[in-house]
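Undergrad: There's a structure below that I have some questions on.
Rule-based calculations on the coordinates, nothing more; no lab input. Since we're looking at a predicted model, the values are computed, not measured. So basically every Cβ, Gly included, is an ideal-geometry build from the backbone, and we count neighbours across all protein chains shown.
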């Protein structure tokens with residue numbers, strides 16, 4: 001081998017070494033960058049765990065809310081205590097609607113209206129003004145009602161139907177001795193501002 005060939009071989013080897021060094025530094029650069037600016041693996045794992053726990057907490061919170069509003073809360077609104085309140089409201093309203101005296105008509109009708117709502121309230125106002133009030137004054141009609149029994153027929157969080165058995169004593173100017181008439185009424189109720197009010201009054 002001549003001296004020129006030896007020099008060319010040495011130059012080629014130097015060029016190859018320089019190329020390897022350059023590629024090696026370029027390949028190592030991202031790793032150094034990750035070590036310098038990247039998130040440590042342990043910290044990334046903790047962050048992931050925290051994120052998963054937050055998601056699980058949100059899911060469990062949503063599930064708890066669903067159970068409360070879809071199951072527990074409706075059960076609270078239709079339990080035995082609510083049923084007793086509905087029966088009491090229906091009974092008091094029935095007595096108020098079916099009891100009045102010619103001497104206290106305005107007061108009696110106002111007391112009854114306090115137990116009513118919706119279309120039935122409008123109907124009752126019309127009925128008392130056009131029929132009941134003139135007839136009661138003209139014939140001195142006096143009635144008093146007494147609830148014998150009452151039971152919930154249907155109960156929902158914001159509505160109910162109560163079957164009421166009632167005795168009504170009635171006297172008039174022509175028949176001063178009172179006459180007792182038993183009857184039964186389906187009283188539909190609605191919850192309005194946490195008060196149970198009558199929406200329908202159907203004799204059966």
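Undergrad: Using only alpha-carbon positions, what ratio does the radius of gyration of the stretch 78-146 give when scaled by 2.2 N^0.38 Å?
TA: With N residues counted in the stretch 78-146, Rg over 2.2 N^0.38 Å equals 1.24.
Undergrad: To continue, here is another question. Give the shape of the stretch 106-159 as rounded, prolate or oblate, defined through the alpha-carbon gyration tensor: a ≥ b ≥ c are the square roots of its eigenvalues, a/c under 1.5 means rounded, and otherwise the shape is prolate if a/b is larger than b/c and oblate if not.
TA: Oblate shape, in that a/c is at least 1.5 and b/c is the bigger or equal ratio.
Undergrad: Could you rank the peptides 126-138, 171-183, 101-113, 187-199 by their average count of other C-beta atoms within 10 Å per residue, with the highest value first? Could the numbers behind the result be given before it?
TA: Details: 126-138: 13.6, 171-183: 11.5, 101-113: 15.3, 187-199: 18.3.
Final packing ranking: 187-199, 101-113, 126-138, 171-183.
Undergrad: A further question follows. Restricting things to alpha carbons, find the Rg to Rh ratio for the stretch 138-182 using the Kirkwood radius for Rh.
TA: Working: Rg = 15.3 Å, Rh = 12.4 Å.
Dividing the radius of gyration by the Kirkwood radius yields 1.23.
Undergrad: With the Cα gyration tensor of the stretch 111-204 giving a ≥ b ≥ c as the square roots of its eigenvalues, does the rule (a/c under 1.5 for rounded; else a/b larger than b/c for prolate; else oblate) give rounded, prolate or oblate?
TA: oblate
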